[in-house]
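Notes for the one structure printed next.
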Amino acid sequence: MSGVLSYLVFFLTTAAIYSIASLGLNLQWGRTGLFNIGVSGFFAVGAYAYAILTISPLTGQPGLGWPVLAGLLGAMVAAGLFALLVGIPTLRLRDDYLAIATIGIAITVQLIATNEPELTGGTNGLFAIPQPVAGWLHGSGGVAFLILVLICVALVYLALERMIHSPWGRVLVAIREDETAASSLGKSAFSFRLQSLVIGSMAMGLSGALYAAFIKFISPQDFLPIFTFQVWAMLILGGSGSSAGALLGSLVVWAIWTLSGGLIQAALPAKLQVDSGAIQIILIGLLLMLVILFRPSGLLGRKRPAVHRSTVPSKEQA
Amino acid sequence: MIGQLLANGIILGATIALGAIGLTMTYNILDFANFAQGELLTFGAYFALIAVSAFAGVHSTFGALSFGWPMVVALLLAAALTSLLAILVDWLVFRPLRRSSIQVALVIASFGASLLLRHLVVLIWGPQPAYYTTNIQISTQILPGVRVTPDQIFLVALTALLVVGLHFFLSRTKLGKAMRATADDPQLAQVTGIDVARVVRWTWIVGGSLAAVAGVLYGMTVQILPEMGFNLILPLFAAAILGGVGSVYGAVLGGLVIGIAENLSVLFLTPTYKPAIAFLLMIAVLLVRPTGILGKPKL
């Protein structure tokens with residue numbers, strides 16, 4: 001396959017993996033108003049769980065050698081369990097406590113990944129991670145895996161859309177918009193929020209597992225806060241609250257990210273290239289700020305995107 | 001051993017306390033969790049580095065301390081420039097969002113601002129660690145089995161002085177009282193004729209200056225790094241929440257508790273897990289007493 005085509009496959013696979021995390025974030029933030037800024041933590045839990053479950057013990061690494069499908073499911077369960085861990089102490093309190101707790105879990109997961117070599121390979125990371133459908137469509141590069149990832153995106157999209165438009169999904173929005181009214185109708189805000197947090201985090205775990213399977217190597221350096229920031233940028237640019245927006249945002253932000261990286265490499269003198277990552281982040285950061293300020297509904301979002309100040313009784317209650 | 005760990009804990013705790021005061025004040029008066037607070041510490045440390053390098057030819061040291069007059073100038077400059085930076089970020093980012101009244105947008109924006117500022121530091125000063133001086137300080141024994149450097153004693157003394165000063169500022173001056181009133185009820189404060197915009201400005205000046213001093217002190221006793229502030233953000237939040245959001249004395253108490261707990265944890269855990277201790281303590285407090293030790297039930 002030619003260079004351009006194989007690069008396109010690589011680009012699309014990455015964007016699709018990101019989009020699963022951003023679909024999960026859309027359920028949490030876009031629909032429920034849960035402020036998760038530890039996306040990289042749940043992504044890392046999924047990636048490590050998949051790697052540890054599926055890596056063959058014959059490689060001399062901590063691995064159980066399970067089938068890849070069990071690895072993918074295990075990754076989702078693991079990320080869901082971590083979500084329970086942060087959700088239970090914080091979801092009864094004011095909104096930003098969840099934010100602080102999720103960033104805390106992201107930092108803690110990274111500490112564990114770095115400091116427990118018997119479990120995670122430590123700073124050396126884990127390698128030889130099995131990839132599903134490897135070797136199918138022989139000679140097509142990564143097309144078979146791209147198709148698998150796209151199927152996962154479609155499944156997650158359909159499942160989440162179904163949930164969002166079910167009575168369950170309407171309760172989420174009701175709680176986000178007016179918690180007192182929803183509670184007085186007998187809906188337990190805490191329980192619904194927890195469910196949304198866990199399900200969204202499971203999508204992030206799946207996204208992490210697919211990432212591990214795609215790159216076949218993971219180390220703590222893959223799960224920095226920058227990932228959280230990228231996923232947030234994707235959701236906000238695409239349109240918070242809309243699953244289609246999350247998909248579009250993933251494609252657009254990842255394209256901007258990749259192109260700006262290429263441009264910086266081509267245009268800047270070698271001395272400044274060490275910091276090209278920094279310039280990219282500043283660019284995306286500025287873009288994100290402009291979107292929040294001037295088009296808070298994003299590309300595909302509804303006109304009234306975020307929680308309005310006067311409709312947040314939890315602030316006074318908690 | 002325990003004595004030394006306690007001393008190390010108080011030293012780290014004093015730094016955390018200074019940073020957490022600014023955090024708890026903006027949290028209370030402007031009503032949002034400012035994730036860019038850590039970067040104010042980082043910028044404070046680097047602003048001071050500019051002044052210290054400018055005076056590189058001046059050889060002055062106070063007694064056994066590692067620094068002299070240039071560091072005094074550096075501290076003042078760092079406090080002034082960091083306050084300006086905080087006001088600038090507020091004016092560019094937070095102020096428009098306050099008007100648009102989307103509540104959590106402020107928090108997202110502060111998370112974005114934090115990343116942006118952190119990478120700006122990398123761009124300007126490079127990713128490598130920096131130091132104010134290459135001199136090595138000899139630690140002295142102050143109690144049996146407890147050794148500290150003169151700089152560390154200075155750090156704790158300056159923190160204590162600043163906290164007492166802040167106490168008098170908040171309880172005796174008109175501006176300090178206006179700040180407390182605005183924190184309690186912004187609408188009521190406005191009705192009684194308090195200039196809320198001025199209060200917001202001064203909140204950033206006080207919080208930014210204390211953050212800058214915390215950054216300089218951390219840089220002086222540990223090292224200066226672009227990630228230093230981000231690495232402290234979890235302890236800062238843990239301290240603010242532990243003490244009770246909005247309570248200045250709570251932040252000081254919380255800072256000391258977190259600093260001491262992180263150092264004592266070395267007795268049972270590898271030191272690399274220190275930051276996770278702040279997180280665990282925070283989760284425990286949120287479960288048992290979400291208003292914190294000194295917090296009012298209102299928040």
Open item on the list: For chain A, take the longest principal axis of its alpha carbons; what is the angle in degrees between that and the long axis of helix A:167-177, to the nearest 10 within 0 to 90?
Closed with: 70 degrees
Task: In Hz, Karplus ³J(HN,Hα) per residue of region B:154-159 (6.51, -1.76, 1.60; θ = phi - 60°; x = Gly, Pro) - done: 4, 4, 5, 5, 5, 4
Open item on the list: I need the per residue convex hull volume for region A:181-303, using only the alpha carbons, in cubic angstrom as a whole number.
Closed with: 141 Å³
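How many Å³ per residue does the convex hull of the Cα positions in region A:155-233 occupy?
Output value, Cα hull per residue: 113 Å³.
Fewest first, what order do B:T270, B:T203 take by the number of other Cβ atoms within 10 Å?
Placing the least packed residue first, the sequence is B:T270, B:T203.
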Task: Compactness of region B:48-160, expressed as Rg and Dmax over alpha-carbon positions, Å - done: 19.1, 58
TODO: Please quote Rg/Rh for region A:15-317 to two decimal places, taking the Kirkwood radius as Rh and restricting both calculations to Cα atoms.
DONE: 0.98
Task: Rg followed by Dmax, in Å, when region A:208-269 is reduced to its Cα trace - done: 13.7, 41
Task: Between 0 and 90°, nearest 10: helix A:3-25 axis offset from chain A longest Cα axis - done: 30 degrees
Task: Inter-site label distance for A:L150 and B:D185 at 7 Å from Cα along Cβ, in nm - done: 6.1 nm
Task: Gain in span if fully extended, A:Y7 to A:Q265, counting 0.36 nm per residue against the direct Cα distance - done: 91.2 nm
Task: Equivalent ellipsoid dimensions for the protein assembly as shown as semi-axes, Å, which come from the Cα gyration tensor, largest first - done: 40, 30, 24
TODO: Specify the angular offset, from 0 to 90 degrees and rounded to the nearest 10, of the alpha carbon long axis of helix A:243-267 from the longest principal axis of the alpha carbons in chain A.
DONE: 50 degrees
Task: Sites A:L286 and A:E116, calculated FRET efficiency, Cβ-Cβ separation with R0 41 Å, nearest 0.05 - done: 0.60
Open item on the list: Taking the beta-carbon count within 10 Å as an exposure proxy, list A:F11, A:F294, B:F94 from fewest neighbours to most.
Closed with: A:F294, A:F11, B:F94
Task: Modelled FRET efficiency - R0 30 Å, A:A181 with B:A284, Cβ distances, 0.05 increments - done: 0.35
Open item on the list: Given points 7 Å out from each Cα along the Cα-Cβ axis, report the B:H59 to A:R170 separation in nanometres with one decimal.
Closed with: 8.1 nm
Open item on the list: Given Cα positions, please report Rg to Rh for region A:26-114, the hydrodynamic radius being the Kirkwood one.
Closed with: 1.06
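So for A:E177, B:E39, B:E262, fewest C-beta neighbours within 10 Å to most, what's the order?
Taking fewest neighbouring Cβ atoms as first place, the list is A:E177, B:E262, B:E39.
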Open item on the list: For a Förster distance of 41 Å, can you work out the FRET efficiency between the beta-carbons of A:W136 and B:L269, rounded to the nearest 0.05?
Closed with: 0.35
Open item on the list: Using 0.36 nm times the number of residues separating B:D195 and B:T140, minus their current alpha carbon distance, what extension gain do you get?
Closed with: 14.8 nm
Open item on the list: Taking just the alpha-carbon atoms of chain B, what radius of gyration and Dmax come out, in angstrom?
Closed with: 18.8, 58
Task: Alpha-carbon Debye profile of region B:2-55, log10 I(q)/I(0) at 0.21, 0.23, 0.24 Å⁻¹ - done: -0.84, -0.88, -0.90
Open item on the list: Could you give each residue of region B:228-237 its phi-based ³J(HN,Hα) in whole Hz, using Karplus coefficients 6.51, -1.76, 1.60 with θ = phi - 60°, and x for Gly or Pro?
Closed with: 4, x, 5, 5, 8, 5, 5, x, 5, 5
TODO: Calculate the spin-label point distance for A:L158 paired with A:L85, positioning each point 7 Å from the Cα along the beta-carbon direction, and give it in nanometres.
DONE: 3.3 nm
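Readers should treat all values here as calculations from the given coordinates under stated rules, not as data from a laboratory. These numbers were taken from a predicted model, which means no experiment stands behind them. Virtual Cβ from ideal backbone geometry, glycine too; neighbours counted across all protein chains shown.
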